[in-house]
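Trainee: Below are the structure tokens for one structure; questions will follow.
The values are calculated or read from the model by the stated rules, or taken from the named source; none is laboratory data. Fair warning: this is a prediction, and the values are worked out from it, not measured in the lab. Backbone-built Cβ (ideal geometry, glycine too); neighbour counts: all protein chains shown.
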Amino acid sequence: MIEWIQRRRGLIAGIVAAILFAIWASSQYEPRVLASILLSGLTLGALYFLVTSGLSLIFGLMDVLNFAHGTIFMIGAYIGFTLYANPRLLLNMLPFVLAFVAGWLLARWLPFSSLPTGHRRPLWVVAVLVGVFAVWGFELAPLATTALSSGGRVPTEQAQAPIGIFIARTVGLAIAGLIAGAAFIIGNEHTRQPAPRDLVLSSGLLALAIIIAPLRLNAEGWILALDSNARFLLALVAGASGGAALGGLMEWSLIRPLYSRPIYQVLVTLGLVFVGTELVKGIWGPGGYFMELPAWFSRRGPSCPSPNLIAWLQDNCASIDVLGRPFPSYRIFIIALGIAMFIGIAVLLRYTRLGMIIRAGVQDSEMVQALGINVRRVFTLVFALGAGLAALGGVAAAPFLGISPGLGQEFQLQAFIAVVIGGMGSFTGAAIGALLVGLARAFGDQIVLTGIQLPWMSEAMTFSPSIARASTVLIMALVLLLRPAGLFGKKE
Amino acid sequence: MRDRFTSSQWAGLALIGGLIIFPFVISLLTGQPVESGVPKFWQGMLIQVFILAVFAMSYDILMGYTGILSFGHALFFGTGAYTIGILLKHAGWDIGSALLSVIVIAIMQSLIVGLLSLRVSGVYFAMVTLAFAQMFFLLAEATDFRQWTGAEDGLQSIPVPAWMSPTTERLRFYYVTLGFATIMYLLARQVVNSPTGRVMMAIRDNEMRASVLGYNTLTFKLIAITVSGVMAALAGAFNALWNLNANPAVLGVGTTINALLMTIIGGVGSLIGPMLGAGVIQLLGYWLNVFFGPSWPLLFGIVYILIVLFLPYGIVGTWRLRSASWLAMWRERSRSLIRFFNHP
């Protein structure tokens with residue numbers, strides 16, 4: 001019994017602290033205020049969870065601390081918002097990406113691998129030159145900003161290149177992809193035999209790119225003609241898949257060559273924060289945007305706020321009545337999204353083959369490799385999964401927090417704190433840490449609003465939002481003092 | 001006591017001598033007086049290089065010599081800047097005692113932060129130090145302390161004593177910062193070459209082994225953090241004196257990344273590397289800004305990633321690795337050239 005208590009000292013202390021805090025909070029605030037603070041905390045916690053889960057999985061599996069996770073969160077928000085408000089930029093870029101990938105795949109089918117190794121470096125240079133030449137003068141910024149700042153509905157012909165030049169650029173990028181793919185194959189022993197499916201896939205993608213090119217003017221109108229709910233769902237999917245693609249690409253191109261130099265992996269991700277933020281500023285401008293709520297969460301009227309969740313399904317009010325106080329229904333959606341993702345990942349980790357490999361890899365990835373499983377591919381997959389989750393969180397956060405290039409930084413910091421509190425590499429720890437930090441932030445915001453009055457104080461003490469944000473660092477310091485490995489982390 | 005200088009010491013002396021006469025050389029070349037125009041501008045550039053060089057060097061004592069990756073180095077730099085700003089502006093102290101208290105505060109701060117964050121190691125340490133730096137960044141921005149820190153506007157117009165004002169007495173300020181950088185370099189070299197410095201390097205190479213040999217590694221890591229923190233704080237203080245202000249950005253992530261960039265580009269694990277890196281970054285940033293305008297940070301980031309991927313040892317490290325073969329190659333080429341002229 002005593003040994004049992006000793007082993008779970010931290011857990012017991014945590015529960016006692018939580019109970020004491022709950023007693024204090026319920027004496028301080030009336031139940032309805034407390035309920036909305038708790039719900040706000042859950043909202044933030046759900047968003048933090050989407051960032052921390054990926055961060056923690058990536059660290060647990062491959063020991064890479066991804067400093068660019070917040071940047072991917074931010075880029076996800078921008079991609080989703082662009083699709084939601086005006087997809088012109090994305091539609092103009094899609095053929096280019098497709099064409100490049102098509103060229104790359106085609107190179108695997110053609111017999112390039114027999115070329116001498118000396119051709120490798122010149123081919124890379126040629127590929128970069130052709131690629132740069134193909135997109136030279138193609139300005140992304142006007143496509144993004146003019147479309148967005150004028151409310152989305154501007155004539156589509158403006159600010160878009162003529163179709164001939166556009167197709168030429170697309171073909172140019174396909175050629176650049178072909179050369180780059182060839183350069184990649186040369187001297188790479190791990191490349192598999194050329195398969196016919198590469199040809200099928202690549203010609204399919206190229207055809208898709210060529211089809212989209214003339215249709216992109218109309219497609220913009222079609223997407224904008226959809227109702228806001230459908231566009232919102234599309235934005236979630238596009239943001240998440242865009243983030244996942246970026247994450248996978250990042251692991252494959254920049255992280256993978258550096259597994260022998262772990263510190264340099266961290267340094268590269270730090271450089272990506274720089275590059276990502278500047279790219280976003282260059283394309284979308286340094287200012288912020290505001291994303292409107294879809295129709296499901298924005299109705300106002302005499303029957304609002306909805307008395308409960310069931311009624312909200314009928315009337316789609318902007319807020320729901322919680323113990324007599326209206327609470328935004330969109331935030332309930334974020335909480336639901338967070339819970340759904342938690343369950344989804346938990347199921348993935350526990351009941352699927354991939355999850356089994358991931359859990360085994362967290363224990364000992366070399367052993368998994370030795371058992372004949374391609375761990376590198378699992379690494380890329382998990383990186384993509386984590387990045388996709390973060391990007392999904394970014395899209396979900398956009399209507400709630402607004403979009404700006406600095407969005408990622410703040411989340412990154414709080415997510416780091418949450419991960420340190422929860423314990424690196426532990427999925428449960430990531431969830432609990434995110435929840436704790438979210439709740440701390442919500443209570444901090446409330447205290448900023450009304451001030452705090454501790455039993456020995458004669459009048460309430462007030463402070464600014466910055467201090468509330470800084471206070472989570474203190475929680476982290478406390479946890480570190482008591483349990484350096486975090487609440488759920490393994491002792492080293 | 002050695003009576004003969006080695007060649008690298010001669011090179012160092014020549015460099016310092018060159019920097020001492022540099023303002024007058026520029027003045028001669030441009031025909032403008034030393035106290036204004038182009039010479040004054042280039043003095044300003046070099047002053048920033050000197051200050052950043054000390055900051056980068058302090059970072060390398062942690063990263064390159066002790067093997068501790070910190071992402072919160074801006075914490076010390078920024079606190080130094082704010083300390084001297086507040087003491088000069090609000091407390092009306094003289095510059096000497098203000099600098100002295102910068103040192104005292106830096107020692108206390110590095111001990112506290114070090115003791116807390118050294119409970120974890122590796123990337124955890126990086127994250128925890130980042131969090132501490134961010135906490136101070138947020139506190140500097142907090143409106144609660146506006147009367148002291150100026151909140152998000154920062155501390156403006158710090159009263160720098162007239163005899164070393166960076167605007168009117170720039171040449172003197174130039175020599176003060178040059179002297180500061182030189183002294184800091186000599187001190188850092190002393191630390192690195194001392195037995196303590198050897199233990200730091202042992203910790204970098206194999207911490208387990210160092211502790212098994214009987215060294216209390218925590219103490220030595222704390223020493224490293226403290227030395228590094230004091231140097232960074234002094235650099236921050238001089239930065240505040242030079243800019244005549246201290247704003248929250250000096251505590252931000254950007255400042256730490258700057259130190260990291262200078263260290264990586266110059267070469268990890270040497271003292272002269274980060275100083276060189278500071279010069280490269282300052283001048284490169286200036287030229288990129290002139291040629292590419294506002295998009296230069298993007299190019300900068302790309303250059304940084306390429307350096308991390310393909311030139312991981314930085315300028316000094318790559319030179320040390322390759323200089324012998326390069327020299328041999330050029331010697332061979334010049335020999336064949338001579339042979340060609342002798343027997344065409």
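Trainee: Identify, from the list B:186, B:139, the residue that is within 30 Å of residue B:68 (Cβ to Cβ), in a helix (DSSP H, G or I), modelled with pLDDT of 85 or more and away from chain A (no Cβ under 14 Å). Give the steps one after another, and end with the answer.
Mentor: Working: B:139 fails: away from chain A (no Cβ under 14 Å).
Of B:186, B:139, the one residue that is within 30 Å of residue B:68 (Cβ to Cβ), in a helix (DSSP H, G or I), modelled with pLDDT of 85 or more and away from chain A (no Cβ under 14 Å) is B:186.
Trainee: Only one of A:297, A:290 is under 20 Å from the mean Cα position of the chain (by Cα) and of a type outside the set (Ser, Thr, Tyr); which? Step through it out loud before you land on a result.
Mentor: Working: A:297 fails: under 20 Å from the mean Cα position of the chain (by Cα).
Among A:297, A:290, only A:290 is under 20 Å from the mean Cα position of the chain (by Cα) and of a type outside the set (Ser, Thr, Tyr).
Trainee: Among the candidates B:197, B:214, which residue alone is in a helix (DSSP H, G or I) and among the small types (Gly, Ala, Ser)?
Mentor: Values: B:214 fails: in a helix (DSSP H, G or I).
Exactly one residue qualifies, and that residue is B:197.
Trainee: I'd like to verify a number: residues in segment B:269-327 that are out of contact with any Ser or Thr (no Cβ under 7 Å at 6 or more places or on another chain), in contact (Cβ under 8 Å) with a residue 60 or more places away in the chain and within 14 Å of chain A (Cβ to nearest Cβ), how many?
Mentor: So the answer is 2.
Trainee: So, one more: Pick out the one residue from B:82, B:59 that is of a type in the set (Phe, Trp, Tyr), assigned to a helix (DSSP H, G or I) and within 14 Å of another protein chain (Cβ to nearest Cβ).
Mentor: Numbers: B:82 fails: within 14 Å of another protein chain (Cβ to nearest Cβ).
Only one candidate passes the filter, namely B:59.
Here's the yes/no breakdown for (1) more than 27 Å from residue A:66 (Cα to Cα); (2) buried (at least 20 other Cβ atoms within 10 Å of the Cβ); (3) in contact with a Lys or Arg (Cβ under 8 Å, 6 or more places away or on another chain):
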| position | (1), (2), (3) |
| --- | --- |
| B:100 | yes, no, no |
| B:104 | yes, no, no |
| B:108 | yes, no, no |
| B:114 | no, yes, yes |
| B:134 | no, yes, no |
| B:151 | yes, no, no |
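Trainee: Select from segment A:244-267 the residues that are of a type in the set (A, V, I, L, M) and over 15 Å from residue B:264 (Cα atoms) and write down the one among them that is farthest from the other protein chains (Cβ to nearest Cβ). Outline the logic, then answer.
Mentor: Just the residues of segment A:244-267 that are of a type in the set (A, V, I, L, M), to begin with: A:244-246, A:249-250, A:254-255, A:258, A:263, A:266-267.
Next, from what is left, pick out any that are over 15 Å from residue B:264 (Cα atoms): A:244-246, A:249-250, A:254-255, A:258.
Numbers: A:244: 21, A:245: 19, A:246: 15, A:249: 14, A:250: 11, A:254: 7, A:255: 11, A:258: 8 Å.
By that ranking, first place goes to A:244.
Trainee: Among the residues of segment B:25-35, is there at least one that is hydroxyl-bearing (Ser, Thr, Tyr), within 14 Å of residue B:276 (Cβ to Cβ) and either within 12 Å of the chain's Cα centre (by Cα) or assigned to a helix (DSSP H, G or I) (or both)? Quick ask: steps written out before the conclusion?
Mentor: At the first step, the residues of segment B:25-35 found to be hydroxyl-bearing (Ser, Thr, Tyr) are B:27, B:30.
Cutting the leftovers down to within 14 Å of residue B:276 (Cβ to Cβ) gives us none.
No - not one qualifying residue is present in segment B:25-35.
Yes or no, residue by residue, for (1) within 14 Å of chain A (Cβ to nearest Cβ); (2) without any contact (Cβ under 8 Å) to a residue 24 or more places away in the chain:
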position	(1), (2)
B:86	no, no
B:92	no, yes
B:96	no, yes
B:99	no, no
B:113	yes, no
B:119	yes, yes
B:126	yes, no
B:131	yes, no
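Trainee: Sticking with this structure for a sec: Taking segment B:157-189 as the search range and keeping residues that are more than 19 Å from the chain's Cα centre (by Cα) and among the hydrophobic types (A, V, I, L, M, F, W, C), which one is farthest from residue B:21 (Cα to Cα)? Working first, answer last.
Mentor: Going through segment B:157-189, the residues more than 19 Å from the chain's Cα centre (by Cα) turn out to be B:157-172.
Subsequent filtering for residues that are among the hydrophobic types (A, V, I, L, M, F, W, C) retains B:158, B:160, B:162-164, B:171.
On the way: B:158: 29, B:160: 25, B:162: 23, B:163: 21, B:164: 19, B:171: 11 Å.
Within segment B:157-189, the match that is farthest from residue B:21 (Cα to Cα) is B:158.
Trainee: Does residue A:100 count as within 26 Å of residue A:216 (Cα to Cα), among the hydrophobic types (A, V, I, L, M, F, W, C) and over 18 Å from the mean Cα position of the chain (by Cα)? So that I can check it myself, show each step before the final result.
Mentor: Numbers: within 26 Å of residue A:216 (Cα to Cα): yes; among the hydrophobic types (A, V, I, L, M, F, W, C): yes; over 18 Å from the mean Cα position of the chain (by Cα): yes.
Yes, satisfied.
Trainee: Any idea which of B:71, B:76 is within 23 Å of residue B:281 (Cα to Cα), of a type outside the set (Ser, Thr, Tyr) and touching a Gly at 6+ places or on another chain (Cβ under 6 Å)? Please lay out each step first, then the result.
Mentor: On the way: B:71 fails: touching a Gly at 6+ places or on another chain (Cβ under 6 Å).
It is B:76.
Trainee: Oh, and also: Restricting the search to segment A:114-132, which residues are outside any loop (DSSP other than H, G, I, E, B) and more than 17 Å from residue A:176 (Cα to Cα)?
Mentor: Start the filter on segment A:114-132 by keeping residues that are outside any loop (DSSP other than H, G, I, E, B), which leaves A:114, A:117-132.
Once the filter is applied, which keeps residues that are outside any loop (DSSP other than H, G, I, E, B) and more than 17 Å from residue A:176 (Cα to Cα), segment A:114-132 yields A:114, A:117, A:118.
Trainee: Separate question: Looking at A:249, A:258, A:226, A:323 in this structure, which one is hydrophobic (A, V, I, L, M, F, W, C) and within 20 Å of the chain's Cα centre (by Cα)?
Mentor: Working: A:258 fails: within 20 Å of the chain's Cα centre (by Cα); A:226 fails: within 20 Å of the chain's Cα centre (by Cα); A:323 fails: within 20 Å of the chain's Cα centre (by Cα).
So the residue among A:249, A:258, A:226, A:323 that is hydrophobic (A, V, I, L, M, F, W, C) and within 20 Å of the chain's Cα centre (by Cα) is A:249.
Trainee: While we're looking at this one, here's another question. Within segment A:98-121, count every residue that is surrounded by fewer than 16 Cβ atoms within 10 Å (Cβ to Cβ) and either modelled with pLDDT of 85 or more or of a type in the set (Gly, Ala, Ser) (or both). Before the answer, list the steps.
Mentor: As a first pass, look at segment A:98-121 and keep what is surrounded by fewer than 16 Cβ atoms within 10 Å (Cβ to Cβ): A:110-111, A:114-119, A:121.
Checking which are either modelled with pLDDT of 85 or more or of a type in the set (Gly, Ala, Ser) (or both) leaves us with A:114, A:118.
Counting residues in segment A:98-121 that are surrounded by fewer than 16 Cβ atoms within 10 Å (Cβ to Cβ) and either modelled with pLDDT of 85 or more or of a type in the set (Gly, Ala, Ser) (or both) gives 2.
Trainee: Based on this model, can you work out whether residue B:146 counts as within 22 Å of the chain's Cα centre (by Cα) and either more than 8 Å from chain A (Cβ to nearest Cβ) or among the polar types (S, T, N, Q) (or both)? Explain how you work it out, then say what you get.
Mentor: Details: within 22 Å of the chain's Cα centre (by Cα): no; either more than 8 Å from chain A (Cβ to nearest Cβ) or among the polar types (S, T, N, Q) (or both): yes.
Judged against the criteria, residue B:146 is not a match.
Trainee: Name every residue in segment A:1-31 that is surrounded by 14 or more Cβ atoms within 10 Å (Cβ to Cβ) and in a helix (DSSP H, G or I), in order of residue number. It would help to see each step written out before you state the result.
Mentor: Pass one, segment A:1-31, residues surrounded by 14 or more Cβ atoms within 10 Å (Cβ to Cβ): A:10, A:14, A:25, A:28-29.
Answer for segment A:1-31, where residues must be surrounded by 14 or more Cβ atoms within 10 Å (Cβ to Cβ) and in a helix (DSSP H, G or I): A:10, A:14, A:25, A:28.
Trainee: I'm trying to understand the selection: among the residues of segment A:209-223, which are polar (S, T, N, Q) and either under 27 Å from the mean Cα position of the chain (by Cα) or crowded, with 17+ Cβ neighbours inside 10 Å (or both)? Break it down into steps so the answer makes sense when it comes.
Mentor: As a first pass, look at segment A:209-223 and keep what is polar (S, T, N, Q): A:218.
If the condition is that a residue be polar (S, T, N, Q) and either under 27 Å from the mean Cα position of the chain (by Cα) or crowded, with 17+ Cβ neighbours inside 10 Å (or both), then no residue fits.
Trainee: So which of A:249, A:293 is of a type outside the set (Ser, Thr, Tyr) and surrounded by fewer than 16 Cβ atoms within 10 Å (Cβ to Cβ)? So that I can check it myself, show each step before the final result.
Mentor: Details: A:293 fails: surrounded by fewer than 16 Cβ atoms within 10 Å (Cβ to Cβ).
Answer to the check: A:249.
Trainee: If you scan segment B:32-77, which residues turn out to be within 12 Å of residue B:258 (Cα to Cα) and without any contact (Cβ under 8 Å) to a residue 12 or more places away in the chain?
Mentor: none
Trainee: Let me confirm something: among A:297, A:274, which residue is aromatic (Phe, Trp, Tyr), more than 11 Å from chain B (Cβ to nearest Cβ) and under 30 Å from residue A:86 (Cβ atoms)?
Mentor: Values: A:274 fails: more than 11 Å from chain B (Cβ to nearest Cβ).
Criteria check complete, one pass: A:297.
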